[in-house]
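Engineer: Handing you this structure, nothing more for now.
The values are calculated or read from the model by the stated rules, or taken from the named source; none is laboratory data. As the structure is a computational prediction, the values presented were derived from the model and not from experiment. Don't worry about glycine lacking a Cβ; one is built from the backbone with ideal geometry, like all the others, and counts go over all protein chains shown.
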Amino acid sequence: MSNLVSVFALGLIGVVLLFGLMGIRFIPNNRIGLVEKRFGMRSLKSGLIALGGEAGYQPRVLRGGLHWLMPIQYAVHIAPLVTITQGKIGYVFARDGKPLAPAQVLASNTTADDFQDVIKFLQAGGQRGPQRLILREGTYAINLVQFVVITEERVYSLPLSREEQEVVIRMAEVIKERGGFRPVIIKDTDDKIGIATVHDGPSLAQGEIIAPVVGDDPKNEDVYHNKFQDPDKFLKAGGFRGRQLQVLVEGTYYVNRLFATVEMIQKTVIDVGNVGVVVSYTGVAGEDLSGKEYRHGELVARGQRGVWEEALLPGKYAFNTYAGNVVPVPTTNFILKWIRNQTGAHKFDENLSEVSLITKDAFEPSLPLSVVVHIDYQKAPLVVQRFGDIKRLVEQTLDPMVAAYFKNIGQTRTLIQLLQERSDIQQIASQEMKEKFRHYNLELEEVLIGTPSSPADDVQIETILTQLRSRQIAAEQVETYDRQEKAAVKERELREAEARAEMQTNMTQAELNIEIQSNQGKADYQRSIQQAQQIRALAEAEAEKVARIGIAQALATEEQVRAYGGPQFQVTQQVLQRFADAIQQSGVEIVPRVLIKGGADGDNSTGSVIEGLMAMLLSEKLGVDVADQAARSPEADALRQQIRESIKKPISGESASPSKPDAKKK
């Protein structure tokens, strides 16, 4: 018996231990556990989440770690933590809560702002459906049975039905199309603004096209919605659904795209030389500021509906073009051309053409015009209020007025008068039309008239113009001939004066030349006298010098003759000296190539034949009788004749060349 009890006790303990182990649940730290109670004492009467311990999905989630739950009674569904990456937005869809009001699109969560506490959310009156509040960057332990979280990367939820899953997928596609997973970023370099369109809240009143600005005061924290980033405060401040008057400028905005979409438009730029007249489509009806005398429309203050009295000056404006229109009006002078195929920079005159006239003499020329106009920037709203825009003013008012004025002028003048009096007509037109332009709040600066032209098939006007040109050419020729005649007379007078002046110059020059030559002759005469005296003195001195030198030479010669043995020896020495100089200058060979000797070999008493020949030759040349010459042999005569011929011959290149070494040696 005791054994049976022991066995039973051990079995009971084992069952208890096994039961206890079956109730242990392990949740990883990066996961959560969604608890489902399968059965209990009570069941849910409404809703999805069992707040009072009823059977069903429990509001609390299990975080990472070990947990013990009653086996079989509880089931735990492992789900991931919700992660929103940096710079992204997450959208929440609640499955349980209070139903939405008929006018609501998104669930209000003014008090239930914590999606991680399901009990608090439901007890605070949280509503089911897509939420106005969005999730920013971070990781959240959210009960994915109560909430479905939609991010750009994935959808976090515990699927309950296929139909619900399809709804969530379509919602994610809509958000993606609107760019809702990322904030609205407006860069300053883009020069753009954001126009918000709210999809939740009360509708606009009848006749309104744009929602007014609400909750824009940062000091009032209860209603300051911070550029549509807090939908509940926007609605609390009295905001309406629809396109908003308030715009988004440069910055980053985390806007729930299910609540409001944002459209980008360009800023309104008013260039220098222009003003912008604002025509507002929204605002309260204001008091007319144009005065009682101005009966062409009303001007209102800024922010009211109508044409604003103050125009926008040059600059950039974050103007909502859905709430009004900005009409640019030039404040600098602009030209309107009544000329076909020519337009000004503003394109106001692109539909204008020449004015067709009928002159007094029945010609039909076309008159091109140019009108310089100026608009005072303070009167620009009056012009826009009266005509709508400048182009409409030009085409509907100025064009017919100017055309009628010049048609009237054309009927009072002939074609020739119209051509010749163009300057006067232009001046009169400028004065008379200024008052007409001032009536339309315009300032006429100047009227410029071009040359009238005829239609393509009309040659009569060209004929008249040709005759006028011929007449003018003839008149110019007469004037030219008259001036040429006067020029010829002046030229003749000039030539006479120049000739007279030239003759006077020549006469003066001749007189000067005579005087100069006279003075020069006197100077030459005096110079010749001086030169003669100088020559005479030099001659006398030279003669005296020569005489003295001759006497000295004579005395020296006499002494030399005496010293050297008499006159014959002296003469012979002088002759030999001169002969040697002549031989040196002429280059004649003085050593004969054939040696001739006289007498017996070795007999030197009578001398050589050449010496005898030389003595005879020199005595004949000098006229000196040589008494001691020996008898002449035939060989000596032949050699003498050869020397004479060589002296008479001119010096040649061959005779001037040096003798051969062997001849010199002989």
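Engineer: Please specify each residue of region 114-149 satisfying the condition of being within 22 Å of Gly33 (Cα to Cα) and in a loop (DSSP other than H, G, I, E, B).
Structural biologist: Within region 114-149, Asp114, Phe115, Gln116, Asp117, Ala141, Ile142, Asn143, Leu144, Val145, Gln146 qualify.
Engineer: If you go through region 321-345 one residue at a time, how many are of a type in the set (Phe, Trp, Tyr) and not in a strand (DSSP E or B)?
Structural biologist: The number of residues fulfilling the criteria is 1.
Engineer: Can you tell me which of (1) surrounded by 13 or more Cβ atoms within 10 Å (Cβ to Cβ); (2) touching a strand residue (DSSP E or B) at 6+ places or on another chain (Cβ under 8 Å); (3) farther than 19 Å from Val92 by Cα is the one Ser203 doesn't meet?
Structural biologist: It is condition (1) that Ser203 fails.
Engineer: Tell me which residues, restricted to region 130-145, are within 25 Å of His199 (Cα to Cα) and either free of Cβ contacts under 8 Å to residues at least 12 places away in the same chain or surrounded by fewer than 17 Cβ atoms within 10 Å (Cβ to Cβ) (or both).
Structural biologist: Arg136, Glu137
Engineer: Going by the conditions given, is Ile464 at pLDDT below 90, surrounded by 10 or more Cβ atoms within 10 Å (Cβ to Cβ), outside any strand (DSSP E or B) and in contact with a helix residue (DSSP H, G or I) (Cβ under 7 Å, 6 or more places away or on another chain)?
Structural biologist: Numbers: at pLDDT below 90: yes; surrounded by 10 or more Cβ atoms within 10 Å (Cβ to Cβ): yes; outside any strand (DSSP E or B): yes; in contact with a helix residue (DSSP H, G or I) (Cβ under 7 Å, 6 or more places away or on another chain): yes.
Criteria met by Ile464.
Engineer: List, please: which pairs have Cβ atoms under 8 Å, are six or more places apart or on different chains, and start with a residue in region 536-555 that is of a type in the set (Lys, Arg) and end with one that is surrounded by 10 or more Cβ atoms within 10 Å (Cβ to Cβ)?
Structural biologist: none
Engineer: So, one more: Residues in region 358-368: is at least one polar (S, T, N, Q), in contact with a Gly (Cβ under 6 Å, 6 or more places away or on another chain) and under 29 Å from Val279 (Cβ atoms)? Write out each step before concluding.
Structural biologist: Of the residues in region 358-368, the ones polar (S, T, N, Q) are 359, 366.
Now restrict to residues that are in contact with a Gly (Cβ under 6 Å, 6 or more places away or on another chain): 359.
Next, only the ones that are under 29 Å from Val279 (Cβ atoms) stay: none.
No, because not a single residue in region 358-368 is polar (S, T, N, Q), in contact with a Gly (Cβ under 6 Å, 6 or more places away or on another chain) and under 29 Å from Val279 (Cβ atoms).
Engineer: Now for a separate question. Looking only at region 94-113, which residues are touching a strand residue (DSSP E or B) at 6+ places or on another chain (Cβ under 9 Å), assigned to a loop (DSSP other than H, G, I, E, B) and on the phi < 0 side of the Ramachandran plot?
Structural biologist: Residues satisfying the conditions are Arg95, Asp96, Pro99, Leu100, Ala101, Gln104, Val105, Leu106, Ser108, Asn109, Ala112.
Engineer: Within region 428-439, can one find any residue that is in contact (Cβ under 8 Å) with a residue 12 or more places away in the chain, outside the structural domain of Arg340 (by TED's automatic domain parsing) and among the aliphatic types (A, V, I, L, M)?
Structural biologist: No, there is no match, as no residue in region 428-439 is in contact (Cβ under 8 Å) with a residue 12 or more places away in the chain, outside the structural domain of Arg340 (by TED's automatic domain parsing) and among the aliphatic types (A, V, I, L, M).
Engineer: Any idea how many residues of region 273-296 are assigned to a strand (DSSP E or B) and either closer than 21 Å to Leu312 by Cβ or of a type in the set (Ser, Thr, Tyr) (or both)?
Structural biologist: Result for region 273-296: 7.
Engineer: Of all residues in region 83-98, count the ones that are among the aliphatic types (A, V, I, L, M) and over 55 Å from the mean Cα position of the chain (by Cα).
Structural biologist: Total meeting the criteria: 1.
Engineer: Do any residues in region 58-87 that are in contact (Cβ under 8 Å) with a residue 24 or more places away in the chain have Cβ atoms under 8 Å from those of residues that are loosely packed, with under 14 Cβ neighbours inside 10 Å and of a type in the set (Asp, Glu), where the two are at least six apart or on different chains, and which pairs are they?
Structural biologist: Close Cβ pairs (under 8 Å, with a partner that is loosely packed, with under 14 Cβ neighbours inside 10 Å and of a type in the set (Asp, Glu)) amount to Ile84/Glu137; Thr85/Glu137; Thr85/Glu153; Gln86/Glu137; Gly87/Glu137.
Engineer: Moving to a separate point now. Within region 206-236, take every residue that is part of a loop (DSSP other than H, G, I, E, B) and in contact with a Leu (Cβ under 7 Å, 6 or more places away or on another chain) and give me the one that is surrounded by the most Cβ atoms within 10 Å (Cβ to Cβ). Lay out the reasoning, then the answer.
Structural biologist: Residues of region 206-236 that are part of a loop (DSSP other than H, G, I, E, B), as a first pass: 206-210, 212-230.
So of that shortlist, the ones also in contact with a Leu (Cβ under 7 Å, 6 or more places away or on another chain) come out as 210, 212-213, 227.
Numbers: Ile210: 21, Pro212: 16, Val213: 14, Lys227: 23.
Out of the qualifying residues, it is Lys227.
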